[in-house]
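Shown next, in structure tokens, is the structure this report addresses.
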Amino acid sequence: MVIRKGHFAVYVGETQIKKRFEVPMSYLNHMCIQELLNQAGEEFGFDYPMGGVTIPCSEETFLNITSQLSDL
């Protein structure tokens, strides 16, 4: 899949079923996204089950965080 310019892809979910999201690179400057990526690193290291960065939180939590960032 092609990722839009200025974005990166992540997979989000706490179960076997994960959903793919494209996230603006600018979100990397925000502590809440950095914390989610740190969680991913602690849980998966460099062995991502989906072949890309996998964030171990609920889809609802991720959407709440990213919607708050989009309002900034």
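The values are calculated or read from the model by the stated rules, or taken from the named source; none is laboratory data. Here the structure is a predicted model, which means the values were calculated and not measured. Here Cβ is always computed from backbone atoms with ideal geometry, including for glycine, and neighbour counts include all displayed protein chains.
Overview of values
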| quantity | calculated |
| --- | --- |
| Whichever residue in the range 41-61 is modelled with pLDDT under 90 and of a type in the set (A, V, I, L, M) and, among such residues, is nearest to the chain's Cα centre (by Cα) | V53 |
| Hits in the range 1-17 - residues which are of a type outside the set (V, I, T) and either surrounded by 11 or more Cβ atoms within 10 Å (Cβ to Cβ) or touching a residue at least 12 places away in the same chain (Cβ under 8 Å) (or both) | M1, R4, G6, H7, F8, A9, Y11, G13, E14 |
| Test: residue in the range 18-35 that is free of Cβ contacts under 8 Å to residues at least 60 places away in the same chain, out of contact with any Gly (no Cβ under 6 Å at 6 or more places or on another chain), in a loop (DSSP other than H, G, I, E, B) and over 18 Å from S67 (Cβ atoms) | yes |
| Flag if V53 is surrounded by 14 or more Cβ atoms within 10 Å (Cβ to Cβ) and touching a Ser or Thr at 6+ places or on another chain (Cβ under 8 Å) | no |
| Test set (1) part of a helix (DSSP H, G or I); (2) within 19 Å of M1 (Cβ to Cβ) - S67 fails condition number | (2) |
